[in-house]
1. Assign one of three labels to region 133-203, namely rounded, prolate or oblate, based on the Cα gyration tensor with a ≥ b ≥ c the square roots of its eigenvalues; rounded applies when a/c is under 1.5, prolate when it is not and a/b is larger than b/c, and oblate otherwise.
2. List the extent of the Cα atoms of region 1-141 along each of their three principal axes, largest first, rounded to whole Å.
3. So what's Rg/Rh here for the chain, counting alpha carbon atoms and using the Kirkwood radius for Rh?
4. What full-extension length gain, to one decimal in nm, is calculated for Ala159 and Arg252 as 0.36 nm per residue of separation minus the Cα-Cα distance?
5. Ranking request for peptides 135-141, 123-129: highest mean number of other beta-carbon atoms within 10 Å first, then the rest in descending order.
6. Compute, for Tyr294, the solvent-accessible surface of its heavy atoms (probe 1.4 Å) with the complete set of protein chains present, and express it in square angstrom to the nearest 10.
7. Multiply the residue gap between Arg343 and Gln227 by 0.36 nm, knock off their C-alpha separation, and tell me the result in nm, one decimal place.
8. Mind checking which aspartates and glutamates have their Cα closer than 18 Å to the Cα of Lys310? Skip sequence neighbours fewer than 8 apart in that chain.
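The values are calculated or read from the model by the stated rules, or taken from the named source; none is laboratory data. Source: prediction; values computed, not measured. Positions of Cβ are generated from backbone atoms using ideal geometry, with glycine treated the same way; all protein chains shown enter the neighbour counts. Note: accessible area is taken over every heavy atom of the protein model, side chains too, but ligands, DNA and RNA are not part of it. Shrake-Rupley method; radii C 1.70, N 1.55, O 1.52, S 1.80 Å.
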Amino acid sequence: MNPLTGPNMPQIKAAVCHAFGAPLTIETVTLAAPEHGEVEVTLKACAICHSDVTYMEGGWGGTLPAVYGHEAAGHVTALGAGVRGIALGDPVVVTLIRSCGTCPSCASGRPVACESDMASGPLTMPDGSPLHQAMHTGGFAERVVVNQSQVVKLSDTIAMEAASLLACGVITGIGAVVNAAQLRAGQDVVVIGTGGVGLNAIQGARIAGARRIVAVDMTPEKLVIAQEFGATDTVLATSDKPWRAAKKAMGRGADAVFVTVGAIPAYDQAPHYLANGGKVIMVGMPHSGAMSTYEPVMLAATGQGMVGSKMGDVVIARDIPWMVDLYEQGRLKLDELISGRWRLDQINEAITDTKSGSAKRNVIVFN
Ligand SMILES: [Zn+2]
Ligand SMILES: [Zn+2]
């Protein structure tokens, strides 16, 4: 292959994972030009999500070497054939939600559960050996090539760092409330875990008009932040039978309990917070093989339920634009979710900070 010059030069810098649990290494790798239906996006920002951390620790297995990173925003710098509605230079958010638009799940409005195998492989090592584009994105890199179904055009005014958060944590938390739980105004909610996703479930519940929003977390400092995002009441998860304090605050059990962490005790305890007829929305993702226990008779006898929610069950072309509008109206907090900004060559420090549990979102910022 002849090396190209200019903006579409195939060599890019990326943070590569060669072994689970090892630090990422910044390397020059090859990114293919976009094929039919694909777009190339030159990134301005990519946030670090706990899913990236779980993958790079080997918690869910997967192919190596790999480039992680899936909460990205930037500008379109190349278009494959057949791309519609997106132009060169457009600011876009890049999500991991790749959807065909025609399978039964897509056709029934659930693109997050797309059944088509749409694997692609734009990344290779310089010697031509395979390099896995993790989560359909590979966002810990200067540029990505993704399917057009994964991107949503943004306004020119939104800052790219804020926009990158819309790719995963924000839509997962808010979508769990408005799409998975279909919360009605006046209902009571409990949010277990107040990290990046939990804070967004909290502000989603506020936007949806929840009556009481009870935040549950292990650390008092995070519960203070939870109140800034809309929690009306807080409960320390380390207290004895924490659901008792939550029920006291609500006057009854919750209509919806959002488990936003992957910790098994959180899943074991979640049904205790429910009112009759309430639902546990399962958002946090434990490591593969981890098991939780609950008492089926209690759920059956009280009409309670548990439902999984992937990526907030969003339809990105429908849901991201209204979230941008609420942000620009001052009704949705995005900037406040960012706890640190880092260069790509500082990514291991940023990941260590994310693992510490104190962080909201660390964002890799590209020049
Ligand atoms: Zn994520
Ligand atoms: Zn599909």
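1. Prolate.
2. 41, 39, 26
3. 0.98
4. The Ala159-Arg252 span can extend by a further 29.4 nm.
5. Highest mean packing first, the order is 135-141, 123-129.
6. 120
7. Residue separation times 0.36 nm, minus the Cα-Cα distance, leaves 38.7 nm.
8. Once the sequence-local aspartates and glutamates are set aside, what remains near Lys310 is Asp52, Glu71, Glu115, Asp117, Asp319.
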